[in-house]
Amino acid sequence: MSLFGLALLSLLSLKSLAVSSIGPSNSSSSFCSESEECLQFELICRTDEYEVRRYSPSRWVSTDAEAYFLGVGAAMAFRRLYHYISGANKEGVKFEMTSPVLVVVPEEGKMWEPAIYTLSFLLPSAYQEHPPTPTNDKLYFTDMPDMEVYVRSYGGWMLSITSRLHTHLLSRALTRAHALYNHTHHYTVGYDSPLKLLNRHNEVWYVAEGEPVCGSNPIDTH
């Protein structure tokens, strides 16, 4: 095969990976129920303290917000992104939200200094390759690579205090399992609109480094 053919095949493979990572919500987990499309994943294993998932590459629209508390930073960033999907882009395109919403939370920082939180909306499958151009210069696109993550789920509201609690519980479980993961940041992940009051679903993610560890007593996922 020629070099051009190999390059074309590579591009097509990347495109299929990006599209396959987003699918109908009814083909994903039960907690992904409020949006038409949701980020898909492969469940590698589950313990009584966390899950290990594999995600294919995907593209997101992102923005940063400086704040002392997660909830404040997320609210500031959410408004910018919501305006973008509501037509505040050069093409004037409007589209529905997908799930989930990601917030990158830095681990290194001082209590008396504000942190930079990065909030991202998953782009629908129709706009993964060619997303509408933002009119707000504080918005940009993030390409998430193929990755394996450790996940802890919890209910209620994604507030600073609850997020910190479940982040601590997940990191403690990973330490006991001798699992290697990225310590510079974690993700807080929300699946529900602010209007949903009951059966809310949130998650904390750490990105695995090396071969993921399923713990000493993994639960069968089959």
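The values are calculated or read from the model by the stated rules, or taken from the named source; none is laboratory data. This is a predicted model, so every value here is computed, not measured. Ideal geometry is used to build each Cβ from the backbone, glycine not excepted, and the neighbour counts take in all protein chains shown. In case anyone asks, the SASA skips ligands and DNA or RNA and just uses the protein heavy atoms, side chains included. Shrake-Rupley method; radii C 1.70, N 1.55, O 1.52, S 1.80 Å.
Please sort by residue number the chymotrypsin sites (Phe, Trp or Tyr not before Pro) in segment 101-210 whose DSSP state is loop and whose Cβ has at most 15 other Cβ atoms within 10 Å.
Taking segment 101-210 and a limit of 15 other Cβ atoms within 10 Å, the loop chymotrypsin sites (Phe, Trp or Tyr not before Pro) found are 112, 157.
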Open item on the list: Through the Karplus equation 6.51 cos²θ - 1.76 cosθ + 1.60, θ set to phi - 60°, convert the phi angles of segment 54-70 into ³J(HN,Hα) values in whole Hz; use x for Gly and Pro.
Closed with: 10, 10, 7, x, 7, 10, 10, 9, 10, 7, 10, 9, 9, 7, 7, 10, 4
TODO: May I ask you to give the average projected area over all directions of the convex hull of the Cα atoms of segment 65-106, in nm² rounded to one decimal?
DONE: 3.4 nm²
Open item on the list: List the aspartates and glutamates whose Cα sits under 19 Å from the Cα of residue 196, skipping any in the same chain fewer than 8 residues away.
Closed with: 34, 36, 37, 96
- [ ] Arrange the residues 37, 49, 211, 42 by how much accessible surface each exposes, largest first, with a 1.4 angstrom probe.
- [x] 211, 42, 49, 37
Open item on the list: Please list, in order along segment 152-161, the HN-Hα scalar couplings obtained from phi with the Karplus expression 6.51 cos²θ - 1.76 cosθ + 1.60 (θ = phi - 60°), rounded to whole Hz, x for Gly and Pro.
Closed with: 10, 9, 7, x, x, 9, 7, 9, 4, 5
- [ ] Could you grab the Rg to Rh ratio for segment 71-169? Cα atoms only, Kirkwood for Rh.
- [x] 0.99
